[in-house]
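K.L.:
Below you'll find the structure I mean.
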Amino acid sequence: MRSSSNPAFRNLPQGQAGGYATFDRQGGAMGGAAAYTDSRAAQVGYGRAGAGERPITVDDIVLKTGFAAGTALVTGILTAVLNLYVLTLPAFLIGFVVSLVLIFKSQWAKAPLVLLYSAMMGIALGGISDLFNNIYPGIALQAIVGTAGVFVGMLVVYKTGAVRVTPRFTKWLMGALVGVVVLMLFNFVLSLFGVSTGLREGGPLGIIFSLVVIGVAAFSLLLDFDQADRAVRGGAPATFAWYIAFGLMTTLVWLYLEILRLLSYLRQN
């Protein structure tokens, strides 16, 4: 049974493993409908849509994710235009707390909290982006376009089955994710003592590491798409689309920050 490298999507109900994800309920039935386990559904507060509930559709996921991403984009632009740098850290902390709440209380993932998370992260990213943009003009727009390009590209890869989401692929990606996080923490701890590893600087090592991190974040989208696909095929209630939108947003925020960092390295050289 696969689980996403995204912490949010680890709380998604689990369906059958294996196969190409299709975002198609009939396609799922042809390969055997994804079944939710009672124990897992109880943990996250969601199972199959009950009587009187509408099953989730792809349109639900697209619409809710669009609202979340649009909210982040609007608040980010307003923060940058109005030079509200002072809100960057408070917004990031609020967004981080909300993300923890939604990860551990997925049944609370409704429009208010998901959009609050998106708005706070938009403000935080807007402040960070404007600071970078003042140093490297145009870098924020490049990062936005790059993030959108990676998202669309990985969706195409996922839909065409060019990369199959298998248990082996998931284990490989999880191992890469753990390795990246460990290296980041190691670098952070050493930096507190004035020791530089070069992982987060603009040299060749920093560029290579940043490319690796972007690669891990990009491939994490495949697992996120797969989890969303199995929610559709498994017949989760329509309200679950907000939780899926939140999970996708966490990956996109990470991806955007890493692309912004890489572009800043390239501008230095």
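The values are calculated or read from the model by the stated rules, or taken from the named source; none is laboratory data. Nothing here was measured: the structure is a model prediction, and the numbers come from that model. In this analysis, Cβ positions are derived from the backbone assuming ideal geometry, glycine residues included, and neighbour counts consider all displayed protein chains.
K.L.:
Cβ-Cβ under 6 Å, sequence separation 6+ or interchain: first residue in segment 147-174 and more than 11 Å from Phe219 (Cα to Cα), partner in a helix (DSSP H, G or I). Which pairs?
P.N.:
Every condition considered, the pairs that remain are Thr147/Leu255; Thr147/Tyr256; Thr147/Ile259.
K.L.:
Assess whether Val74 counts as being in a helix (DSSP H, G or I) and free of Cβ contacts under 8 Å to residues at least 40 places away in the same chain.
P.N.:
no
K.L.:
While we're looking at this one, here's another question. With the structure loaded, tell me whether Ser129 is touching a helix residue (DSSP H, G or I) at 6+ places or on another chain (Cβ under 9 Å), within 16 Å of Leu248 (Cα to Cα), assigned to a helix (DSSP H, G or I) and not aliphatic (A, V, I, L, M) or whether it fails that test.
P.N.:
Taking the combined requirement at face value, the residue does not satisfy it.
K.L.:
Here's a check for you: in segment 93-145, which residue that is aromatic (Phe, Trp, Tyr) and under 17 Å from the mean Cα position of the chain (by Cα) is surrounded by the fewest Cβ atoms within 10 Å (Cβ to Cβ)?
P.N.:
Taking the candidates together, the pick is Phe104.
K.L.:
Can you name the residue in segment 159-215 that is part of a loop (DSSP other than H, G, I, E, B) and of a type in the set (A, V, I, L, M) and is also surrounded by the most Cβ atoms within 10 Å (Cβ to Cβ) among such residues?
P.N.:
Checked segment 159-215; the qualifying residue surrounded by the most Cβ atoms within 10 Å (Cβ to Cβ) is Val165.
K.L.:
Among Gly161, Gly175, which is the only one that is modelled with pLDDT under 90 and small (Gly, Ala, Ser)?
P.N.:
Working: Gly175 fails: modelled with pLDDT under 90.
Answer to the selection: Gly161.
K.L.:
Okay, moving on. Hey, Leu222 hits all of (1) of a type in the set (A, V, I, L, M); (2) part of a helix (DSSP H, G or I); (3) farther than 29 Å from Val163 by Cβ but one; which does it fall short on?
P.N.:
Going through the list (1) of a type in the set (A, V, I, L, M); (2) part of a helix (DSSP H, G or I); (3) farther than 29 Å from Val163 by Cβ, Leu222 breaks only (3).
K.L.:
Identify, please: which residue in segment 132-144 is small (Gly, Ala, Ser) and in a helix (DSSP H, G or I) and is, among those, farthest from Ile77 (Cα to Cα)?
P.N.:
Only one residue tops the list, namely Ala143.
K.L.:
For segment 176-192, indicate whether the set of residues that are aliphatic (A, V, I, L, M) and in contact (Cβ under 8 Å) with a residue 40 or more places away in the chain is non-empty.
P.N.:
yes
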